[in-house]
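Here the structure comes first, spelled out in structure tokens, and everything after it is commentary.
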Amino acid sequence: MDFKDYVSRNKDGIYSKIMEYLPVKDPKDHYRIVREYSERRGNYRRPGLLMLCGELFGSSAQDLILPAAAMQLSEDWILIHDDVEDNSELRRGKPALHRIYGNEIAINAGDAVHIAMWKMLKDYMVQSRQGSKLFDKFYNMLEYTVAGQYIETNFVFNTRSMKSATEDLYLRIIDSKTCYYSVYGPMQLGAIAAGQGNDILGLLKKIGEPAGKAFQIIDDVLDMTADEKEFGKKRYGDLYEGKLTLIMLQTYKNATEREKVLIDSIYGKRREEKTLQDINTLVELVDKYGCIDYARSVAEKHGIAAMNEIKKSEKVLPSNEYVQTLLSAIEELYTREK
């Protein structure tokens with residue numbers, strides 16, 4: 001089964017479980033705002049990976065719905081807070097929550113969703129023998145993700161200079177915010193729910209690390225190339241926000257000394273200070289040095305490495321239909337168009 005079909009099959013069940021934990025009650029306006037990002041329904045890639053790896057190792061879909069819903073809810077509250085920090089304009093094709101209700105109300109709504117996520121995990125601990133181990137993994141994953149968010153936010157708001165950026169810094173950010181949180185963390189959570197031990201968790205990390213790198217690099221590419229309606233976010237958002245991407249690292253590496261000074265002068269500005277001309281200047285330099293094609297090639301290299309790890313592990317992985325779905329999931333991470 002194709003991964004997109006697999007996610008589609010489970011999406012309604014996950015969404016229904018989320019709504020159980022986000023009921024509308026007094027004050028009704030508050031709870032309607034709390035539910036808004038969840039009701040916009042993301043792509044459910046992360047809970048899909050959790051359920052896929054759970055079923056791969058023998059768990060039932062029904063037993064995986066609650067931790068999968070917690071995984072999706074974690075994305076929803078993180079995005080609310082991220083959008084405030086980044087002053088993002090769009091989320092899932094509509095105005096970001098803080099753009100509608102203001103920073104204070106949006107942050108409060110994110111807090112409420114955050115609380116609901118931990119309630120889900122507590123309930124899962126009660127009903128499953130694997131609950132405590134899954135809780136600890138979830139905590140470890142989110143703790144590392146928040147640390148990565150600090151590193152990225154510190155670069156955006158305090159460093160604000162490509163001169164000070166390195167590939168190691170970029171890889172540290174995406175290791176926590178993408179590789180762990182978006183790929184091998186959900187995969188490991190599913191395996192834990194199915195009773196797997198450290199050997200399998202280590203194997204899933206070996207698959208998920210290069211897959212996560214491919215996923216993030218393609219996300220950077222789509223920020224530069226995708227249609228806003230399809231992508232659900234403002235085009236060139238990374239440039240407006242001053243984020244560190246492989247595309248800009250490669251551009252800066254190839255730039256002349258004069259161009260480097262120009263890039264740093266633009267990165268030194270806050271989002272609201274950047275002009276359309278600033279962004280167009282960065283885009284022109286990216287195009288001049290062919291850095292989007294470069295990024296695509298690097299993403300493909302990492303994606304193929306991840307798929308090769310799966311193929312090398314055929315004797316370790318169960319022999320069932322979900323192995324092909326896992327291959328489809330990894331391929332989708334670096335070939336996706338939105």
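The values are calculated or read from the model by the stated rules, or taken from the named source; none is laboratory data. Predicted model only: the values in this text are computed from it and were never measured. Here the Cβ positions follow ideal geometry from the backbone for every residue, glycine too, while neighbour counts run over all protein chains shown.
Overview of results
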item: Those helices (runs of 4 or more DSSP H) lying entirely in the stretch 173-235 with at least 1 residues touching a strand residue (DSSP E or B) at 6+ places or on another chain (Cβ under 9 Å); result: 228-231
item: Only listed residue being among the small types (Gly, Ala, Ser) and crowded, with 21+ Cβ neighbours inside 10 Å, chosen from Gly185, Gly202; result: Gly185
item: Extreme residue, surrounded by the most Cβ atoms within 10 Å (Cβ to Cβ), among residues of the stretch 86-125 that are touching a helix residue (DSSP H, G or I) at 6+ places or on another chain (Cβ under 7 Å) and small (Gly, Ala, Ser); result: Ala109
item: Single unsatisfied condition, Ile200 versus (1) within 22 Å of the chain's Cα centre (by Cα); (2) at pLDDT 95 or above; result: (1)
item: Meets criteria (surrounded by 23 or more Cβ atoms within 10 Å (Cβ to Cβ), out of contact with any Cys (no Cβ under 6 Å at 6 or more places or on another chain) and touching a residue at least 40 places away in the same chain (Cβ under 8 Å)) for Leu50; result: yes
item: Boolean, Glu20 is crowded, with 20+ Cβ neighbours inside 10 Å and either acidic (Asp, Glu) or without any contact (Cβ under 8 Å) to a residue 24 or more places away in the chain (or both); result: no
item: Ile115 of a type outside the set (Asp, Glu), under 21 Å from Gly42 (Cβ atoms) and touching a Gly at 6+ places or on another chain (Cβ under 6 Å); result: no
item: Members of the stretch 157-182 found to be surrounded by fewer than 19 Cβ atoms within 10 Å (Cβ to Cβ), closer than 19 Å to Val84 by Cα and in contact with a helix residue (DSSP H, G or I) (Cβ under 7 Å, 6 or more places away or on another chain), listed by number; result: Arg160
